[in-house]
Amino acid sequence: MLRFFTAGESHGQALIAWISGLPASLPIDLEFVNAELHRRQLGYGRGGRQKIEKDRAEPIAGIRHGKTIGAPIALRIENKDWPNWEKALPVEDVDGAEDAQRPLRAPRPGHADLAGALKFGFHDARYILERASARETAARVAAGALAKLLLKEFGTEIASHVIRVGKVELERSPSWDEIRLVSANLVSPLRCADSETEKRMTAEVDQVLRAGDSVGGVFEVVAHNVVAGLGSHSQWDERLDGRLAQALLSIQAVKAVEVGTGVSNAGAYGSEVQDEITYDAAAKRFRRRSNRAGGLEGGISNGEDVVVRGYLKPISTLRRPLETADLVTKETVKAAYERSDVCVVPAAGVAGEAMTALVLAQAFLQKFGGDSMAETRQNYDAFQRQLDDF
Ligand SMILES: Cc1cc2nc3c(=O)[nH]c(=O)nc-3n(C[C@H](O)[C@H](O)[C@H](O)COP(=O)(O)O)c2cc1C
């Protein structure tokens, strides 16, 4: 069973990603893991922190001689900002620590600040925001990179692109090759496959920056060359669409998830939505004339690209803060302001790729199993022969 967890606070010493259940002898390309971390840090509309941090994953368990050994893997990502926070967030309760604390008593609407303070009984939301922060997605991206490496061994690649920023929307459907290219592009400001639309998206970010406001948007994740038969229709919690939706919704600020073109499908007729089936005799595979289902039917992958979208609300922290109530005095005050991004759609897309990779890798290992890559490959090849002979 592939499982993963993360630990770490936004301004703590480090983040930790823990991933267990990968077969032994999977080659781990650390440069690839670090390149994924770099991609997460990019995007037009990010705050100052991305300039301080240059995230790198340091494996501390489970990888030896460049390969997995079938043991749990732990990756450590250092927070470069820690020296500035050491006194505010000491592990030991040192004398005078209160003076150095950076309390947050004016909970920011849209953040976990108030709900978390009520839940844990804190009159200072500092510990809540430290863990709720999307800095945590760095650990997810590191774990997701390992899942991507597993899937890549079997021909599956995952990419993302931005299809909406605020009011500006991409009005065409790019091909897989275009998506793959823009996903890997390190200079494209918003990772949109259409340069004209990207210019308008960039202007949208400039406009909210000037106004002291923030903006949301939509990213699309595409998993290309996914084997048919992952997930299951037989139990609610085995359905791959539901599992992907939970994984994407768990990303900070993602408030809705779409599978394929599910949102517009709801307003169309059945004849306009279902994807007709054909048979490619040369490839010995069933194919579709369209992919509005996003590669998933009945909670099972059907052999087409898996396509999921994450809808982000606008960033909660505002340079022109909204009103809130002080956690101690209960008086009306302005919400706290901490250094903040104003647009994170491309970065959220990279986190979306990681979550998609982790869910697909988990479903892949549930179907094909194997304690070593050799065993997993044997099982996978046997299923491919079964599809050939279908
Ligand atoms: C990559 C990424 C970066 C983010 N950066 C910020 C930020 O700088 N400031 C902010 O207010 N929210 C940011 N968020 C969103 C908040 O973390 C999120 O809205 C908050 O934790 C509350 O969770 P919820 O919106 O899922 O309810 C970011 C989200 C993502 C995915």
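The values are calculated or read from the model by the stated rules, or taken from the named source; none is laboratory data. Predicted, not measured: the structure shown is a model, and the values here were computed from it. Methodologically, a virtual Cβ is constructed for each residue, glycine included, from the backbone with ideal geometry; neighbour enumeration extends over all protein chains shown.
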### Task
Select from region 236-259 the residues that are closer than 21 Å to Gly110 by Cβ and in contact with a Leu (Cβ under 6 Å, 6 or more places away or on another chain) and write down the one among them that is nearest to the ligand (Cβ to nearest atom).
Ala253
### Message
Taking the conditions exactly as written (buried (at least 21 other Cβ atoms within 10 Å of the Cβ), closer than 22 Å to Phe154 by Cα and either within 11 Å of the ligand (Cβ to nearest atom) or modelled with pLDDT under 95 (or both)), does Ala363 satisfy them or not?
### Response
no
### Message
Every residue in region 285-328 that is touching a residue at least 40 places away in the same chain (Cβ under 8 Å) and basic (Lys, Arg), please.
### Response
Arg285, Arg309, Lys313, Arg319, Arg320
### Complete set of residues in region 1-31 that are of a type in the set (Ser, Thr, Tyr) and farther than 18 Å from Arg56 by Cα
Ser20, Ser25
### Task
Return a yes/no flag: does region 347-358 have any residue that is within 15 Å of the ligand (Cβ to nearest atom), β-branched (Val, Ile, Thr), under 29 Å from Leu170 (Cβ atoms) and touching a helix residue (DSSP H, G or I) at 6+ places or on another chain (Cβ under 8 Å).
yes
### Pick from region 301-329, criterion within 11 Å of the ligand (Cβ to nearest atom) and aliphatic (A, V, I, L, M), ranking: nearest to Val263 (Cα to Cα)
Leu312
### Message
Would you confirm, using the coordinates I've provided, whether Gly310 is over 18 Å from the mean Cα position of the chain (by Cα), within 20 Å of Leu358 (Cβ to Cβ) and crowded, with 18+ Cβ neighbours inside 10 Å?
### Response
no
### Query
Has region 70-84 got any residue that is without any contact (Cβ under 8 Å) to a residue 40 or more places away in the chain, touching a Pro at 6+ places or on another chain (Cβ under 6 Å) and either farther than 17 Å from Ala17 by Cα or within 16 Å of the ligand (Cβ to nearest atom) (or both)?
no
### Query
Do we have any residue at all in region 203-220 that's modelled with pLDDT of 95 or more, aromatic (Phe, Trp, Tyr) and either crowded, with 20+ Cβ neighbours inside 10 Å or closer than 11 Å to Cys343 by Cβ (or both)?
yes
### Message
Given the options Arg135, Arg108, Arg140, Arg131, name the one that is near the ligand (Cβ under 10 Å from one of its atoms) and surrounded by fewer than 21 Cβ atoms within 10 Å (Cβ to Cβ).
### Response
Arg131
### Any hit, region 296-306, residues being under 28 Å from Phe383 (Cβ atoms), of a type in the set (Val, Ile, Thr), crowded, with 18+ Cβ neighbours inside 10 Å and under 26 Å from the mean Cα position of the chain (by Cα)
yes
### Query
When you scan region 26-127 for helices (runs of 4 or more DSSP H) that lie fully inside it, which ones turn up with 3 or more residues that are out of contact with any Asp or Glu (no Cβ under 8 Å at 6 or more places or on another chain)?
30-40, 82-85, 97-100, 113-120
#### Entry: Long-range neighbours under 8 Å by Cβ, at least six apart or interchain, first residue closer than 24 Å to Gly352 by Cα within region 197-218, second part of a helix (DSSP H, G or I) and among the β-branched types (Val, Ile, Thr)
Ser214/Val208; Val215/Val205; Val215/Val208; Gly216/Val345; Gly217/Val345; Val218/Val345
### Query
Would it be correct to say that Arg39 is within 20 Å of Leu358 (Cβ to Cβ) and within 18 Å of the chain's Cα centre (by Cα)?
yes
